[in-house]
Amino acid sequence: MFLPNRNALHRQPLDPADAETLGVAGADTVERFLAHRDNHRQTPLHALPVLAAELGLGALHIKDEGFRLGLGSFKALGGAYAVFRLVLEEASRSLGRPVDVADLNQPDVRSVAATMTVACATDGNHGRSVAQGAQLVGARAAIFVHAGVSEERIAAIARYGAEMIRVDGNYDDSVRQAARASDEKGWTVVSDTSWPGYERIPGLVMQGYTAIVREALHQLGEPPTHVFVQAGVGGIAAAVAGHLAIVLGDAKPTFIVVEPARAACVFAAAQAGRVVKVAHGQPTVMAMLECYEASPVAWRVLARAADAFMTVDEDEAIAVMRQLARPAAGDPVIVAGESGGVGLAGLIRAVAGHQADLGLGGKSRVLVINTEGATDPHRYAELVGMSPADVLAGKMLAGANL
């Protein structure tokens, strides 16, 4: 399915609150916080010249978030960043003095953090980031996981000392349960989706993602003409689209949101003109995108900053995983998880059927984001036919033979 953005707010300025969250000053703050992370490194931006030529494009680049902060996903930037901000704010209140990121390891700040429990629902990656952030600052974490979260992803979160709480149902059910339990126990919810009266913290999570855009713009020789980004509740898509709209203004690229056909809640919001809940049917292989109601904050941004919405099918997501693992000679090997290559899958479908709608052609410079590596290695091997280690070993062997 494909839908141009026909919302009355399309191409209007962002809501002032969202512009503040996703603007230059917010991105500066994220960059300053990241400078205090021991394992922070700019993630790679790969050119795919052979695939670009096959698709009839001028250039194609993929920002590879599979290396982000040791967590294998773009989510590493959001949850942990929000936890840091919340702990510092609470410490400033409790200690009666300004406390900044450089103070996180001070004993009095860690004493405050030790009194805090942060909680969230997750499909896997967001909870891992929240749990890691809590461990780094000395807080506790309670992570709610629904029935569809794999044992491998649950174990990856539990390694950070989080209390794991299993919930029947799907992701949206786990969001509601996390909110109810946190209200009863006095925990702080660090969610990547918003709801009425709960917007600031999801905004901080989205603010963390602006680091991806800032890095990509620095790495590219010139700004992209088109950007395809996948969506679950919409946070990453909104962060990228919103920041691009602010920093590039009228020169911003055409922005396309891509979702699984089986869980297209942002597409449904675009059709209805408002956030709606879509029916839960057969699960999607794109596990990190299996969400059935868009985040209202994310939709508020995307209604203005996205230019089109589209869906891809299960086989298209798997085909991209395999294509990136075994690229044509001249293109890099990339490990992309089930949800990681969905933006690229959307681009491939768009070239096949919507070139004219989007103005895609020989002068187009396209950016996509690999939002996750093999965060469930066993599932990756099942779908790709090779383990992530074997894929990367082939990459190293190819490099040695050059």
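The values are calculated or read from the model by the stated rules, or taken from the named source; none is laboratory data. It should be emphasised that the depicted structure is a prediction, and the values quoted were computed from it without experimental measurement. Neighbour counts run over all protein chains shown; Cβ positions are idealised from the backbone, glycine included. What goes into the accessible areas is simple: the full protein's heavy atoms, side chains included, and nothing from ligands, DNA or RNA. Shrake-Rupley method; radii C 1.70, N 1.55, O 1.52, S 1.80 Å.
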Exercise. Do we find a residue being open to solvent by less than 10 Å² (accessible area, probe 1.4 Å) and charged (D, E, K, R) anywhere in the range 47-63?
Worked result: yes
Problem set entry | VAL167 closer than 26 Å to PRO283 by Cα and under 16 Å from the mean Cα position of the chain (by Cα) | no
Seminar exercise, completed: Residue hits (the range 262-288; under 19 Å from ASP192 (Cα atoms) and in contact (Cβ under 8 Å) with a residue 60 or more places away in the chain) are ALA264, PHE267, LYS277, ALA287, MET288
Seminar exercise, completed: Log entry, pairs with first residue in the range 3-15 being closer than 19 Å to PHE267 by Cβ, second being open to solvent by 50 Å² or more (accessible area, probe 1.4 Å) and polar (S, T, N, Q), beta carbons closer than 8 Å, six or more apart or on different chains, reads LEU3/GLN271
Seminar exercise, completed: Screening VAL145, VAL101, VAL137, VAL112 for residues that are touching a strand residue (DSSP E or B) at 6+ places or on another chain (Cβ under 7 Å) and at pLDDT 95 or above leaves only VAL145
Problem set entry | Selected residue [in contact with a Pro (Cβ under 8 Å, 6 or more places away or on another chain) and over 22 Å from SER339 (Cβ atoms)] from THR225, THR193, THR188 | THR225
Exercise. Which ones in the range 263-289 are under 19 Å from the mean Cα position of the chain (by Cα) and modelled with pLDDT under 95?
Worked result: ALA287, MET288
Problem set entry | Any hit, the range 215-233, residues being closer than 18 Å to SER73 by Cβ, in a helix (DSSP H, G or I) and open to solvent by 10 Å² or more (accessible area, probe 1.4 Å) | yes
For this session: Please go through the range 175-207 and pick out each residue that is among the acidic types (Asp, Glu) and open to solvent by 40 Å² or more (accessible area, probe 1.4 Å).
Result: ASP183, GLU184, GLU199
For this session: For ALA294, state whether it is within 14 Å of PHE309 (Cβ to Cβ), in the same structural domain as PHE309 (by the TED database) and open to solvent by 10 Å² or more (accessible area, probe 1.4 Å).
Result: no
For this session: From (1) more than 23 Å from LEU358 (Cβ to Cβ); (2) in a helix (DSSP H, G or I), pick out the condition that doesn't hold for ALA52.
Result: (1)
Seminar exercise, completed: Exactly one of ALA319, ALA308, ALA303 is in the same structural domain as GLN230 (by the TED database) and farther than 28 Å from HIS10 by Cα, and that residue is ALA319
Exercise. GLY161 fails exactly one of the following numbered conditions: (1) over 21 Å from the mean Cα position of the chain (by Cα); (2) more than 16 Å from LEU71 (Cβ to Cβ). What is the number of that condition?
Worked result: (2)
Exercise. Of all residues in the range 148-181, how many are touching a helix residue (DSSP H, G or I) at 6+ places or on another chain (Cβ under 8 Å), at positive phi and at pLDDT below 95?
Worked result: 0
Seminar exercise, completed: Within the range 309-339, residues small (Gly, Ala, Ser) and under 19 Å from LYS63 (Cα atoms) come out as ALA317, ALA319, ALA325, ALA328, GLY330, ALA336, GLY337, SER339
Seminar exercise, completed: The helices (runs of 4 or more DSSP H) lying entirely within the range 69-163 that contain at least 2 residues which are of a type in the set (Phe, Trp, Tyr) are 79-95
For this session: Return yes when ASP172 is part of a loop (DSSP other than H, G, I, E, B), within 30 Å of GLU382 (Cα to Cα), open to solvent by less than 30 Å² (accessible area, probe 1.4 Å) and in contact (Cβ under 8 Å) with a residue 40 or more places away in the chain and no when it is not.
Result: no
Exercise. Within the range 27-46, how many residues are surrounded by 16 or more Cβ atoms within 10 Å (Cβ to Cβ) and either assigned to a strand (DSSP E or B) or aliphatic (A, V, I, L, M) (or both)?
Worked result: 5
Problem set entry | Some residue of the range 64-76 being modelled with pLDDT of 95 or more and open to solvent by 60 Å² or more (accessible area, probe 1.4 Å) | no
Exercise. Among the candidates ALA381, ALA336, ALA352, ALA389, which residue alone is under 20 Å from PRO44 (Cα atoms) and over 21 Å from the mean Cα position of the chain (by Cα)?
Worked result: ALA389
Exercise. Among all residue pairs at least 6 apart or on different chains, which show Cβ distances below 6 Å where the first residue, located in the range 80-106, is of a type in the set (D, E, K, R) and the second is buried (at least 19 other Cβ atoms within 10 Å of the Cβ)?
Worked result: ARG85/LEU204; GLU90/VAL112; ASP103/VAL109
For this session: Identify, from the list ILE348, ILE369, the residue that is out of contact with any strand residue (DSSP E or B) (no Cβ under 8 Å at 6 or more places or on another chain) and not aromatic (Phe, Trp, Tyr).
Result: ILE348
Problem set entry | Odd one out for ILE62, checked against (1) assigned to a strand (DSSP E or B); (2) touching a Gly at 6+ places or on another chain (Cβ under 9 Å); (3) farther than 30 Å from ALA352 by Cβ | (3)
